[in-house]
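So the structure is just underneath, and the comments pick up after that.
Any read-out appearing in this document is the output of simple, stated calculations on the displayed coordinates, not a laboratory observation. This structure is a prediction, so every number in the text was calculated from the model and none was measured. Here the Cβ positions follow ideal geometry from the backbone for every residue, glycine too, while neighbour counts run over all protein chains shown.
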Amino acid sequence: MDQLSVILQRFSMNTDVFFTGNLCGITSFNREPNQGHLHLLRSGELTIIDEQGSSQVINQPTVLFFPTPHAHRIIGSEENPPQLVCANIVYNETTSNPIADALPPLLCFNLNECEKMNRTANWLFDEAFDEKCGKQPMINSLTDIFIIHVLRHVMNKNIMNHGLLAGLAHSQVSKVLLAIHETPAHAWGLEEMAELALMSRSKFADLFKKVVGQSPGDYLIDWRITVAKTLLLQSKPVALVANAVGYENGSALARVFRKKLGMSPKEWLEKH
């Protein structure tokens, strides 16, 4: 399995299209827990204003993707009303989503930058602005596909200089990330990771930290905690969760939780 599929299968990014048509006046979008927003501009002109009050005028077919909760406003031009498809990006986990957290607050780029992304957007527009049977599930499915094209575009164009997606786009680092993501229970050591990357231990450790932003060992622990959270929310026993992410027993997992989060797995679960 490829490096992006492993994460997408474990941490969902589902879309729910809630608006299609010409947007008039000012529309505000609030911060919603575990939810981002996607706006696709087909035609017309709009002004996007972010949480800090920064504004940007857009009058070309454009992707506006807020991967994490961010309040923002869209002002539609009265002379040239924007024709939009707007969707919520819903993360089923009550914890953070690793892919969303690896992206900037706003991704904004012209639809024409990627042929496949543009083709999917045009298909989505055709469905969104026509009253065919099965419209809603169709446009939701197409928006799911579109999000994957966006992530591929980010990786292929090396838009992220460091972080998870930069690591997934790196030919050597990605091999190690894929292995960690697929088998968090494995007793990963620096030497074995370096062998996967076909590098010496010191060069691999330096490269990994430079690209991903943290040491291989710290990333492994964070990934195990992330996976453990999702399993705990599925009402899995702590001992089983501990084994699934590479710890001998629940006590060992609890020590890691307390060190990283300041609370035990049980205490964390009670808060969620």
For the range 1-149, size of Cβ-based charge dipole, Lys and Arg +1, Asp and Glu -1, in debye
160 debye
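Taking the Cα centre of the chain as origin, sum charge times position over the Cβ atoms of Lys and Arg (+1) and Asp and Glu (-1), and report the length of that vector in debye to the nearest 20. Working shown, then result.
Details: 24 positive and 27 negative charges, 183 e Å.
In debye, rounded to 20, the chain gives about 880.
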Counting sequence-distant residues (5 or more places) and residues on other chains, those with an amide H built under 5 Å from that of Ser12 are Asn92, Glu93
Cα atoms only, the range 3-156: Rg and Dmax in Å?
14.7, 46
Full extension from Ser54 to Glu113: what is 0.36 nm times the residue separation minus their Cα-Cα distance, to one decimal in nm?
18.9 nm
Specify which residue in the list Pro184, Leu253, Gly213 is farthest towards the positive end of the charge dipole of the chain, using unit charges on the beta carbon of Lys, Arg (+1) and Asp, Glu (-1), about the Cα centre.
Leu253
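How high is the FRET efficiency between Glu195 and Asn30 when r is their beta carbon distance and R₀ equals 51 Å, given to the nearest 0.05? Don't skip to the answer; put the middle values down first.
Details: r = 48 Å, r/R0 = 0.94.
Efficiency, rounded to the nearest 0.05: 0.60.
Which of the residue pairs Lys175/Lys266; Lys175/Lys210; Lys236/Lys259; Lys209/Lys236; Lys116/Lys209 have a Cα-Cα distance greater than 23 Å in the structure shown? Walk me through the numbers before you get to the answer.
Details: Lys175/Lys266 33 Å; Lys175/Lys210 16 Å; Lys236/Lys259 21 Å; Lys209/Lys236 32 Å; Lys116/Lys209 32 Å.
Result: Lys175/Lys266; Lys209/Lys236; Lys116/Lys209 exceed 23 Å.
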Counting only residues 5 or more places away or on other chains, whose amide H sits under 5 Å from the amide H of Gly44 once H atoms are built in the peptide plane?
Gln83
For the range 136-200, take N as its residue count and report Rg(C-alpha) divided by 2.2 N^0.38 Å.
1.44
Cut-off 14 Å between beta-carbons: net charge of the residues surrounding Val85, Lys and Arg +1, Asp and Glu -1
-3
Hey, rough spin-label estimate for Lys266 and Asp2, points 7 angstrom out along Cα→Cβ, what's it come to in nanometres?
4.4 nm
Range of Cα positions in the range 170-270 per principal axis (Å), largest first:
41, 22, 20
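Just order 133-142, 62-71 by mean Cβ neighbour count inside 10 Å, highest at the front, would you? Walk me through the intermediate numbers first.
Numbers: 133-142: 14.4, 62-71: 21.0.
Result, highest mean Cβ count within 10 Å first: 62-71, 133-142.
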With Met117 itself left out, Lys, Arg at +1 and Asp, Glu at -1 over residues whose Cβ is under 13 Å from its Cβ give +2
Could you tell me which label, among (1) 1, 6, 12, 14, 16, 15, 12, 10, 7, 5, 2, 1, 0, 0; (2) 1, 5, 9, 12, 13, 13, 13, 12, 9, 6, 4, 2, 1, 0, 0; (3) 1, 6, 14, 18, 21, 18, 13, 7, 3, 1, 0, 0, carries the value of P(r) over Cα pairs in 5 Å bins from 0, in percent calculated for this structure?
(1)
Kyte-Doolittle cut-off -0.5, length cut-off 20 Å along the helix's own axis using Cα: show which whole DSSP H helices in the chain pass.
135-156, 216-232
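I need the calculated FRET efficiency for the pair Lys203 and Lys259, taking r as the beta carbon distance and R₀ as 22 Å, to the nearest 0.05. The partial results should precede the final answer.
Details: r = 28 Å, r/R0 = 1.28.
Step by step, r from the Cβ atoms, then E = 0.20.
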Rounded to whole Hz and in sequence order, give me ³J(HN,Hα) for the range 24-33 from the Karplus expression 6.51 cos²θ - 1.76 cosθ + 1.60, θ = phi - 60°, writing x for Gly and Pro.
10, x, 10, 10, 9, 10, 8, 5, 10, x
Computed FRET efficiency, Cβ-Cβ of Glu182 and Asn14, R0 30 Å: what is it to the nearest 0.05?
0.85
What does the charge count around Ile75 come to, taking other residues whose C-beta lies under 13 Å from its C-beta (Lys +1, Arg +1, Asp -1, Glu -1)?
-3
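Test of understanding: what is the full-extension gain from His162 to Asp126, defined as 0.36 nm times their sequence separation minus their Cα-Cα distance?
Details: separation 36, 0.36 × 36 = 12.96 nm, distance 3.62 nm.
Between His162 and Asp126, full extension yields an extra 9.3 nm.
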